[in-house]
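Have a look at the structure below before the remarks.
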Amino acid sequence: MRQRRVVELGGVLVAAALLAACTSGDPKAVAPTGWFSAGPVATPKVSMTPVYADPLAVVTVPPPIVGEVARVVVTKQGAGRAFRNVPGEPVAQGRTYTVEVACASGRPSAGASYAVYDAAPGTWGHGEPLYSRPVTCDGAIQRTVHLGLPAGRVQVDLRGLPADALTAYALIRPE
């Protein structure tokens, strides 16, 4: 019986010692130990410098001119975008045209393109584009010059714009 009391008393002393160690007022940092530990781990420093420190590119949509064939303007609207297609005059036989495109997004990106489609009644959105070309969304104006198009109505469209596109436009003008 005496041995049983010593074992019980020993357990109580060990529990009291552990409790005292856990409740001491002096906190200490302890590194993990064991097979998974590589020693103390340093906390990484945090940088508040943006990844893209350059100011956002600004695209200004030019006003329409006489003889303009087509244009599309894309603007950010809430969480989405607003597309505004503006038909112009029909393409004149034997005349060449310039396609002007610009796009600005939160960061420069590739992967967008413009496409010129036949816009005769019943054809919009059907078939392959008459012409298409990649566009970089970096705020720069990109031009395709001396473009011959079939006589009649055409439309221009922007495709594959990045999710953070702010403003973009494509227009077709006579040279």
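FYI, it's all coordinate maths here, none of it is from the lab. These numbers come from a predicted model, not from an experiment. Cβ atoms come from the backbone with ideal geometry, glycine included; neighbour counts cover every protein chain shown.
Which of Val91, Val61, Val74 comes first, and how do the rest follow, when ranked by fewest Cβ neighbours within 10 Å?
On the way: Val91 25, Val61 15, Val74 22.
Ordered from fewest to most neighbouring Cβ atoms within 10 Å, Val91, Val61, Val74 come out as Val61, Val74, Val91.
For segment 54-127, what's the relative contact order in percent, using C-alpha pairs closer than 8 Å and at least 6 residues apart?
Details: 48 pairs, mean separation 20.7, N = 74.
Worked out over segment 54-127, it gives 28 percent.
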